[in-house]
1. What is the extension gain from Thr28 to Ser89, computed as 0.36 nm multiplied by their sequence separation minus the C-alpha to C-alpha distance, in nm to one decimal?
2. Which FRET efficiency value, to the nearest 0.05, is calculated for Thr10 and Val102 with the Förster distance at 25 angstrom and r the Cβ-Cβ distance?
3. Solvent-accessible area of Lys16, probe 1.4 Å, all protein chains present, reported in Å² to the nearest ten, please.
4. What's the ranking of 95-105, 42-52 by average number of surrounding C-beta atoms within 10 Å, highest first?
5. Amide H of Tyr30: which non-local residues (sequence gap of 5 or more, or other chain) have their own amide H closer than 5 Å, using H built in the peptide plane?
Amino acid sequence: MYKEYLNSTTAMNIRKLLQPIIDKHHVTAYIAGHEHNLQYREVNGVKLFISGGGSQLDDLVPTSDPMYDPDTTWAKRTRGFLSVVANKSGILYEMFNENQEVVYTTNTQFNSTYNPCWS
């Protein structure tokens, strides 16, 4: 749906299909794989993760490239995985490299009026 570069027709088509569903259901996070690296961005309040660094590695588009997506918060060409832990107070997202070291972390805190996991 989102990648670190802007010219992906497939990503644009998936975005057109899924964005209305994400908006309608107040989705807080979208997690995908396939891209052979780790990526994080936040668009319109939705946390978007790509956790596809389990085997083969793909190069990332340089930030100086005009096709680089400015919504990309963090991206790394590394093998690794995403861990997601949810509880009543929020969700913790941690990206690990192949040495099981945390390379990126972010979270979603729930408040008393909105808790999608325990309502």
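The values are calculated or read from the model by the stated rules, or taken from the named source; none is laboratory data. All values derive from a computational prediction rather than experimental measurement. Cβ: placed from backbone, ideal geometry, glycine included. Neighbour counts: every protein chain shown. For the accessible areas, the whole protein counts, side chains as well, though only heavy atoms, and no ligand, DNA or RNA atoms are used. Shrake-Rupley method; radii C 1.70, N 1.55, O 1.52, S 1.80 Å.
1. Full extension from Thr28 to Ser89 adds 20.6 nm.
2. About 0.25, to the nearest 0.05.
3. Solvent-accessible area, nearest 10 Å²: 150 Å².
4. 42-52, 95-105
5. Under 5 Å from the amide H of Tyr30 lie the amide H atoms of Lys47, Leu48, Phe49, each far enough along the sequence or on another chain.
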